[in-house]
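Working notes, structure below.
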Amino acid sequence: KREQQLFLQSALPEDLEQIYISLINAHAKYKPEWMVISVMDAKTGDVLGSASTPSFDPNVKNITNYENPLAAYLFEPGSTMKIFTYMCAMETGKYDGDKTYLSGKYQIGEDTVKDWNGYGWGTINYDLGFEYSSNVAIANILNTILSKDELKECFHKYGFDEITGIELGRELSSTLNFKYQIEVANAGFGQGILTTPIQHLQALSIIANNGKMLKPHIVEKIVNSNTGQTTYQREIQETETLVSKETIKKIKELMFNVVNNNNEGTTGKRYYIEGLDIIGKTGTAQIYDDKHGGYLTGDNDYIYSFS
């Protein structure tokens with residue numbers, strides 16, 4: 001939005017302004033239905049910058065979209081959700097990253113969970129399964145370590161079943177409906193559930209803030225321009241410790257490997273930048289076909305993300 005552009009230009013460093021420009025250029029080149037990129041300070045919860053497309057210029061009348069995807073769009077997150085499933089498994093004390101499983105396919109009743117490449121990487125351990133973004137790793141974890149109720153409780157604890165309360169209109173909440181084992185497995189790798197980008201930022205603050213989750217804010221303060229009096233000052237709002245330091249250390253290690261390793265199935269190689277310690281998780285979610293049921297199957301029918 002024009003307001004967002006002015007905010008970025010006037011209040012943020014040049015590198016965040018460049019991110020906004022890159023977003024606009026990427027939208028022009030690839031023509032996705034929508035894009036959003038946001039940066040949050042994990043020590044305060046302040047959203048330092050956020051930009052999205054499509055957008056609108058309030059000075060003209062060709063408005064095609066009024067919503068802010070940061071808080072008002074629901075989407076199936078895909079494999080970025082594996083961060084929180086793995087984190088939940090680690091918190092049980094039963095996760096062993098060196099333990100191996102057979103990747104590729106996993107049968108659940110009449111349904112089959114497949115890895116994204118269709119055939120897997122043979123027998124690998126669970127740590128490598130995270131780095132390779134293996135759906136079969138998640139299916140195994142949810143059969144041997146985590147129950148449906150434990151997974152749902154973790155997603156609840158990490159803030160995925162209610163609005164964050166950020167100072168933006170029309171914020172939506174998530175949909176976490178899973179009952180059958182195949183639905184539980186799908187939820188574990190981010191399919192069949194709906195979330196918002198701002199919920200992911202809030203949940204990721206757990207990792208960057210030593211196990212405590214911070215409420216996100218987009219307004220730091222409001223000052224009366226006539227009197228100079230501050231009429232609103234946001235407070236840093238953090239939860240109790242939700243995740244142990246040992247788990248945080250381990251999940252950071254796995255997210256580091258996603259970007260910085262160079263194995264055959266490493267999914268985040270393109271995000272590596274020399275001289276920077278970038279950690280993260282890639283996500284590629286199928287898009288539900290609301291006209292015919294099931295998921296779309298076109299070459300570009302995916303939601304791509306990086307957290």
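Here, each number is a calculation from the coordinates, and none is a lab measurement. Everything quoted here is computed from the prediction, not taken from an experiment. Every residue, glycine as well, gets a Cβ built from its backbone with ideal geometry; the counts of neighbours run over all protein chains shown.
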**Request:** Could you tell me the distance between the Cα centroids of the stretch 28-46 and the stretch 64-86, to the nearest Å?
**Result:** 11 Å
**Request:** First select every other residue whose beta carbon is under 11 angstrom from the beta carbon of A208; then total the charges, Lys and Arg +1, Asp and Glu -1.
**Result:** +2
**Message:** I'd like the FRET efficiency for L102 and I24, computed as 1/(1 + (r/R0)^6) with the beta carbon distance as r and R0 of 41 Å, rounded to 0.05.
**Reply:** 0.40
**Prompt:** In percent, how large is the relative contact order of the chain, given Cα pairs closer than 8 Å and 6 or more residues apart?
**Reply:** 19 percent
**Item:** GluC sites (Glu not before Pro) restricted to DSSP loop in the stretch 217-263 with at most 11 other C-beta within 10 Å
**Value:** E235
**Item:** Formal net charge of residues neighbouring V243 (Cβ-Cβ distance under 12 Å; K, R +1; D, E -1)
**Value:** +3
**Prompt:** Considering only DSSP states other than H, G, I, E and B, which trypsin sites (Lys or Arg not before Pro) in the stretch 265-297 qualify as loop sites with at most 13 other Cβ atoms within 10 Å?
**Reply:** K291
**Fill in**
Taking a crude spin-label model, label points 7 Å out from Cα along the C-beta direction, the I163 to T112 distance in nm is 4.4 nm
**Message:** At most 12 other C-beta atoms within 10 Å and a DSSP loop state: those are the exposed chymotrypsin sites (Phe, Trp or Tyr not before Pro) I care about. Give me the longest piece of the chain that has none.
**Reply:** 181-307
**Asked** Once amide H atoms are built 1.01 Å from N in the peptide plane, which residues 5 or more positions from W121, or in another chain, come under 5 Å H to H?
**Response** S103, G104
**Request:** Give, as a single signed number, the net charge of other residues whose beta carbon lies under 15 Å from the beta carbon of T175, with Lys and Arg counted +1 and Asp and Glu -1.
**Result:** -4
**Message:** Just to be sure I understand the model, the point goes 7 Å from the Cα along the line to the Cβ. What's the resulting Y272 to Q181 distance in nm?
**Reply:** 3.9 nm
**Prompt:** Given the rule -39500 (n - 2.57) for each run of at least 4 DSSP H residues, summed and divided by the residues of the chain, what is its mean residue ellipticity at 222 nm, to the nearest 500 deg cm²/dmol?
**Reply:** -10000 deg cm²/dmol
**Request:** Pick out, in residue order, every one of the GluC sites (Glu not before Pro) in the stretch 66-129 that is DSSP loop and has at most 11 other C-beta atoms within 10 Å; say none if there are none.
**Result:** E110
**Fill in**
Normalised Cα Rg of the chain, dividing by 2.2 N^0.38 Å with N its residue count, works out at 1.03
